[in-house]
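Report on the following structure.
Rule-based calculations on the coordinates, nothing more; no lab input. Given the structure is predicted, the values throughout are model-derived calculations rather than measurements. No Cβ is skipped: glycine too gets one built from the backbone with ideal geometry, and neighbour counts run over all protein chains shown.
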Amino acid sequence: MTRPALRLGTRRSLLATTQSQMVADAFTERTGTPVELVGITTYGDVTKAHLAQLGGTGVFVSALRDKLLEGEIDFAVHSLKDLPTTQDPRFTLAALPPRHDHRDALVSLHKFADLQPGAKVGTGSPRRVAMLRALRPDLEYVPIRGNADTRIGKVTSGELDAVVLASAGLTRIGRAADIAQIFEIEELLPAPGQGALAVECRADRPGLVEALSVLDDPATRSAVTAERALLSALEAGCSAPVGAFAFDDGHTLNLTAVVVSIDGREAVRKSAAGSPSEAANLGRRLAAEMIAEGADRLMGEHSH
Ligand SMILES: NCc1[nH]cc(CCC(=O)O)c1CC(=O)O
């Protein structure tokens, strides 16, 4: 007997459809249940303009959630770093699949250290600007928007000397060959949850939550739980210059986080370790220690 296909709602961008297809394939391989992708055009995709004024990437998330509530789709795949840290109780993150690469990457013809003084580096992220400024205050940081292809195109055309994007996203859309350098976390701490995917469905479908949970990776879940608890406890918005990375080696969860002033001159950077079963506590504890050292002052207007 063939089972009915589950409907996986996805934005139509290359990154979104690729990530959704990866999850669909992994689920079908594990369970034998077919998955059908359902393309959804979101308000954010249509208007393009002033995404920040629409509430940042949250518009993409809420469009998919609306389709879950309407029953048009069974589940959705999000980039975890685009999800608000406060979970809407109507939905469950049924699976957090294994995270492979959390780091940021430089797309350029040159290594970061070899860029000429005054070279133009494109990134729309205050976190990346603040941390890169700490390393190279002599470069010019230019805000940019658009999908990865558009951003890479500005390097190819010579309009910019480099752009910085998540390594995971570049690899997923087949642009790994354009990466000149991957930043290690000592240089550039990624956004909380960067590189991880979240598989979400309605909380009132426990059978589906259980079925999707075959894709969950407990070590990824504990790591990103700590990162996101820290972000939430810092009361930082998605545009705040906050970096965090946690790694669960199966016994110990190590968390490192930084808050940098937007000019790159001041930073509070701290690490802590704990039990993976206490991931959220670890994140909250490290956030409290960072606030005690002035992290909230550094965030300035970027908090909330
Ligand atoms: N904010 C946009 C966004 N959301 C997820 C990714 C890439 C994939 C990931 O980080 O999981 C990107 C682009 C980028 O930051 O380069």
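Brief remarks follow.
- Between THR31, THR41, THR220, the GNM of the chain built on Cα springs shorter than 10 angstrom shows THR31 fluctuating the most.
- Rg/Rh (Cα only; Kirkwood hydrodynamic radius) as it applies to region 227-302: 0.98
- Cβ-defined net charge surrounding ALA272, 14 Å radius [Lys, Arg +1; Asp, Glu -1]: -1
- A cut-off of 5 Å between modelled amide H atoms, ignoring neighbours fewer than 5 places along the same chain, links GLU187 with no other residue.
- Computed over region 104-182, the convex hull of the alpha-carbon atoms projects to a mean area of 4.5 nm².
- Packing-based ranking of 160-169, 94-103 yields 160-169, 94-103, ordered from highest to lowest mean Cβ neighbour count within 10 Å.
- Estimated 222 nm signal from helices in the chain, with DSSP H stretches of n ≥ 4 weighted -39500 (n - 2.57), rounded to 500: -10000 deg cm²/dmol
- Each part reduced to its alpha carbon centroid, region 141-197 and region 217-255 end up 21 Å apart.
- DSSP loop GluC sites (Glu not before Pro) with at most 15 other Cβ within 10 Å: longest gap in the chain: 73-158
- Trypsin sites (Lys or Arg not before Pro) within region 227-298, DSSP loop, no more than 14 other Cβ atoms inside 10 Å: ARG265
- Amide proton proximity set for LEU139, modelled H, under 5 Å, gap of 5+: GLY118
- For the chain, radius of gyration divided by Kirkwood radius, i.e. Rg to Rh on alpha-carbons: 0.97
- When the trypsin sites (Lys or Arg not before Pro) in region 138-227 are filtered for DSSP coil states and for at most 16 other beta-carbon atoms within 10 Å of their beta-carbon, the remaining sites are ARG145.
- Charge sum, other residues only, whose C-beta stays under 10 Å from LEU208's C-beta, Lys/Arg counted +1 and Asp/Glu -1: -1
- Zone of SER157's modelled label, taken as backbone nitrogen in region 107-131 under 18 Å from a point 7 Å along Cα→Cβ: 107-109, 120-124
- Neighbour net charge for ARG284 - beta-carbon separation under 12 angstrom, K R +1, D E -1: -2
- Counted residue by residue at 0.36 nm each, then reduced by the alpha carbon distance between them, the extension gain from LEU109 to ARG90 reaches 2.2 nm.
- Of all lysines in the structure, those lying under 17 Å Cα to Cα from LYS120, and not within fewer than 8 positions of it along the same chain, are LYS111, LYS154.
- Over the Cα atoms of region 140-210, the radius of gyration divided by the Kirkwood radius equals 1.12; this is the Rg/Rh ratio.
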